[in-house]
């Protein structure tokens, strides 16, 4: 109901003067079956993309998501985002400190980190360096918008736009001053994002999404680490991932196919 | 940061390609006839509040005024000038400076890239509108939009923070003029149409400029700063909300 | 059309005496040898010489047929037609009579001629002799003759020929279709005569036949593919059957089923414009005025620019009149006046003027008209309507093949300086002149029909206008406001069936994918109770 009310308000704003230009005695409507209905569909997506906007860390995540669309507007999503091989941390050098860049894809520090560290002899807070390794969580997706467009007025495209919010748990780690990976704990991670899926076929869509994963990082550098002060730093860490996904849609309403000879 | 720009470019290409692949048709028919909103011949003025996002150490809140003309529905040009009301450093820079104050003591010009913040700009752009569409709100009502890409060049004024050291452990930041530099920009956004010639542009734009910067650095345990030249592109990614009015 | 054949016969016989004087030994064996070795140009030349000079009648007869056949195999269909025809008109006494009949049918198919050759065959139809013919060839002949008789509105005779088409013949589906159309036409006639029982019976027969054609598809994709291989143009026929089923149900007064079948016509297909217009009528009859106006709205969109649909504006005006929106009704009538009625003087001038038939041919035979050509004055919508007639493509195909044939004859080295080349050139030229006359006649007839259609609806428009004036006067008299917006409430927006549907309001712009899904809501402006 709230959606409807919101739509009506927006519609009134948008239509105010367009409507007045029409004949007062008639209205024309197009009521059209959606070409790409997602109601009751199960959507299996694979996605990947970089994190953006973080000054000192840069990650590349990939993952899987399974969405069940209760209707055209709401879906429940189970997703897994990974930036590191799960359940294996690499070879342990000293207690809780691991070597193994090969099992971590795109988990790195930026040039800015090197500048701060090496050129300016400064140190970002350790909490600023904590990175998600694997995240598993559940989201609620809300798609109030369905759009279509003409590309150079010659071909038609369709998409639906959504916002998503949810939470889950994620493993985190950071690379300490000995350049070894150190577990920084498992956290509850809340996330919020928005995106859209461009329908290529009834069973296939390309999905683009921006999603922010936030957690309250609390990082204590291992005492054995060179130069470690054993200090604890805390910070709300936000990692914004931009991902591109391929979605495969199953089940749901099949278009009514009245077989016709022509 | 480079990944984010790549991602943006990649996204744009994917959106365009996706649509084209989906329903490429050979004949020269039109998908929309008698368009409600056609940019052809439109002369428009735009007032744009802007804020920077994804900056490393700087922040900007600006406003600009632009004048655009569209030759047809797909192609337009725009001239724009803006001033940053808020242009300075982010909290992060102060944080890391405070933590490592001993290590940078005596350094006047920090050896960090992307330290420069823009104070004003003037630019010219070319705008391409490949997509015209409409969006339905909960299958109840709808609005029209154009998706556009923008690219151009111009000039901008920059400043940056230098450090003054009243004592060895106490610093004070002083803004220093970095002069005027040529800038380039690219981006994309959507234009939501309203009746009577009004529209709202929501745009993501990356503005960049080449920078050579004589910074100072200290080696680990060193006392006297040594000179270091930093060459880099200053990137300012902005989120812009332009309110447009078309005269024609 | 018969004139063409007569002209061809005369041109051939006129040449005979001169050539008959040369009493050389018969070249028949040499001709057969060339024919067998596929040296068709030489074979044709030698058969021609045999035909003209051989003293043995059997040789001449053989040469005459094989001359035609050689030309046919060379793709010189018009030339082949002349010689096949000479054999055919000689009658069953000619040993190659039946073969020539088959040859004529093959030429008719190659030239896409469904008028000239069928009429010739009909003229010399010999059922006794034809009984010995290959059943498939005979079926084709029967179909063509049936088609010809149908065009002449000799429905009874036509049905007899069409009914004789073999079920295995590629033209079987076409013959069923024509029979169904004849039943539909009979239904219309009985309806005009207010004979309800016979009207229903004829439509029922038509419906059964249309269904029978669709049944040839087996109603499955796999079987349909087999049917497509076995029957001529059956995919097109299936679509036409759907459209005509809708028309038949409309004729029976079953508007609900008519709507159902009209809706099955694929969007953007060839018949979609007709379906939109006619579904508008079906909705009108069901008093679903919003849907009727929606269908007409699609028809009046830029996607159907220059479509000749005068009646759709009269229907629009009538619907608005029914819902008491008189200003809107008058606007539709004005559109009719401005876009159709205004063409009447020009059309009248063209069809009643002194232009010979040939002068009309350019409209359909030329891709680009000279501005000085009188046909350039024909309004675009009418020209388009004429050009969309399937027979136009046949005319154009015929003309193209004649032009190609003239070039082929002139370039054939074997025939350089030979009498055969002169004779064939003459045949082609005669035919080209006649084709222009025939095509011109076709255009003129269509222009006349367009004139009559527009003129006919002018009186409808006047009637609606008169009714509007009367109603407005009554409104004023009864004290109702003349402005519709002051008389009633706007009907609510139609319901979106469920969330899998999108609602788009229509504001000026036409999205291709929304065409056919429009629906109007109109103000309920008719006073309920008299004041």
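Give me the Kirkwood hydrodynamic radius of chain C in Å, from all C-alpha pairs, to one decimal place? Don't jump to the answer; show the numbers that get you there.
On the way: mean 1/r = 0.0371 Å⁻¹.
Averaging 1/r across every pair of different Cα atoms and inverting gives 27.0 Å.
Per residue of B:97-105, how many C-beta atoms from partner chains lie within 10 Å of its own C-beta, taken as a mean?
On the way: counts 3, 1, 6, 7, 1, 1, 4, 4, 1.
Averaged over the peptide's residues, the number is 3.
Per-residue mean of other chain beta-carbon atoms within 10 angstrom of the beta-carbon, peptide A:51-58? Could you put the intermediate results ahead of the total?
On the way: counts 3, 11, 7, 4, 10, 3, 0, 4.
Counting Cβ atoms of other protein chains within 10 Å of each residue's Cβ and averaging gives 5.
By its C-alpha gyration tensor, with a ≥ b ≥ c as the square roots of the eigenvalues, how is the protein assembly as shown shaped: rounded for a/c under 1.5, else prolate for a/b larger than b/c, else oblate? Let's see the in-between values first.
Working: a/c = 2.68, a/b = 2.01, b/c = 1.33.
Taking the square roots of the gyration eigenvalues as a ≥ b ≥ c, the protein assembly as shown is prolate.
With an 8 Å Cα cut-off and a minimum separation of 6 or more residues, compute the relative contact order for chain B in percent.
Numbers: 581 pairs, mean separation 48.9, N = 248.
This gives 20 percent for chain B.
Given the options B:168, B:156, B:62, which has the most mean-square fluctuation in a GNM of chain B, springs set between C-alpha atoms less than 10 angstrom apart?
Greatest mean-square fluctuation among the candidates belongs to B:168.
In whole angstrom, how far apart do the alpha carbon centroids of region A:148-202 and region B:43-96 sit?
26 Å
Order of A:110, B:183 from fewest to most other C-beta atoms within 10 Å?
Least crowded to most crowded, the residues run A:110, B:183.
Between residue A:62 and residue C:188, what is the label-point separation in nm under the 7 Å Cα-to-beta-carbon projection?
A separation of 6.7 nm, rounded to one decimal place.
With a ≥ b ≥ c taken as the square roots of the eigenvalues of the C-alpha gyration tensor of region C:52-147, please select rounded if a/c is under 1.5 and otherwise prolate if a/b is larger than b/c or oblate if it is not?
Details: a/c = 2.10, a/b = 1.33, b/c = 1.58.
Taking the square roots of the gyration eigenvalues as a ≥ b ≥ c, region C:52-147 is oblate.
For peptide A:154-164, how many partner chain Cβ atoms fall within 10 Å of a residue's Cβ, on average? Walk me through the numbers on the way to the answer.
Working: counts 10, 9, 10, 11, 6, 5, 2, 1, 0, 0, 0.
Taking the mean over all residues of the peptide, I get 5.
With a 10 Å cut-off between alpha carbons and a GNM built on chain B, which of B:137, B:200, B:112 moves the most?
Checking each option, the largest mean-square fluctuation is seen for B:137.
For helix C:289-299, report the angle its Cα long axis makes with the longest principal axis of the Cα atoms of chain C; keep it between 0 and 90° and round to the nearest 10°.
It is inclined by approximately 40 degrees.
Under 12 Å from the 7 Å Cα→Cβ point of residue C:482, by amide nitrogen: which residues of region C:312-352?
What the label zone holds, given the 12 Å backbone N cut-off, is C:327.
Evaluate the distance, in nm, between pseudo-label points positioned 7 Å from the Cα of residue C:322 and of residue B:177 along their respective Cα→Cβ axes.
If labels sit at residue C:322 and residue B:177, their model points lie 7.9 nm apart.
What angle do you read, to the nearest 10 degrees and between 0 and 90, between the alpha-carbon axis of helix C:221-230 and the longest principal axis of chain C?
Computed tilt is about 40 degrees.
Defining a contact as two alpha carbons under 8 Å apart and six or more residues distant in sequence, what relative contact order in percent does region A:40-86 show?
Numbers: 78 pairs, mean separation 16.9, N = 47.
Once normalised by length, the contact order is 36 percent.
Report the full-extension gain for the segment residue C:387 to residue C:197: residue separation times 0.36 nm, less the Cα-Cα distance, to one decimal in nm.
Values: separation 190, 0.36 × 190 = 68.40 nm, distance 3.84 nm.
In short, 64.6 nm is gained.
What is the angle, in °, between the Cα long axis of helix C:2-20 and the longest principal axis of the Cα atoms in chain C? Nearest 10 is fine, range 0 to 90.
Its long axis makes an angle of about 10 degrees.
Just how far, in whole angstrom, is region B:122-148 from region B:170-248 if you go by their alpha carbon centroids?
So the two Cα centres are separated by 25 Å.
Hey, with R₀ at 60 Å, roughly what FRET efficiency would residue B:170 and residue A:80 work out to, going by the Cβ-Cβ distance, to 0.05? Can you show the working numbers first?
Numbers: r = 49 Å, r/R0 = 0.82.
My answer for the efficiency is 0.75.
Hey, what did region A:102-255 get for relative contact order, percent, Cα under 8 Å, at least 6 apart? Working shown, then result.
Values: 306 pairs, mean separation 28.9, N = 154.
With pairs under 8 Å counted, the relative contact order is 19 percent.
Put a dot 7 Å past each Cα toward the Cβ at residue A:203 and residue B:226; how far apart are the dots in nm?
In this crude label model, residue B:226 to residue A:203 measures out at 6.5 nm.
What does the helix-only formula give at 222 nm for the protein assembly as shown: each DSSP H stretch with n ≥ 4 adding -39500 (n - 2.57), the total divided by the residues, and the result rounded to the nearest 500 deg cm²/dmol?
Working: 29 runs with 420 residues, N = 1041.
Calculated mean residue ellipticity at 222 nm is -13000 deg cm²/dmol.
In what sequence, highest mean first, do C:139-150, A:91-102 appear when ranked by Cβ atoms within 10 angstrom?
Values: C:139-150: 24.3, A:91-102: 13.6.
With the highest mean Cβ count within 10 Å placed first, the list reads C:139-150, A:91-102.
Which FRET efficiency value, to the nearest 0.05, do you get for residue C:58 and residue C:232 by plugging their Cβ-Cβ distance into 1/(1 + (r/R0)^6) with R0 = 41 Å?
Values: r = 36 Å, r/R0 = 0.89.
With a Förster radius of 41 Å, E is 0.65.
Take the alpha-carbon centre of region C:512-527, take the same for region C:432-450, and report the distance between them in whole Å.
When both Cα centres are located, 41 Å separates them.
What is the gain in length, in nm to one decimal, between residue C:132 and residue C:498 on full extension, counting 0.36 nm per residue of separation less the C-alpha to C-alpha distance?
Answer, rounded to one decimal: 125.3 nm.
Coordinate-derived values only; no laboratory data. What you see is a predicted model, and the numbers here were worked out from it, not measured in a lab. So basically every Cβ, Gly included, is an ideal-geometry build from the backbone, and we count neighbours across all protein chains shown.
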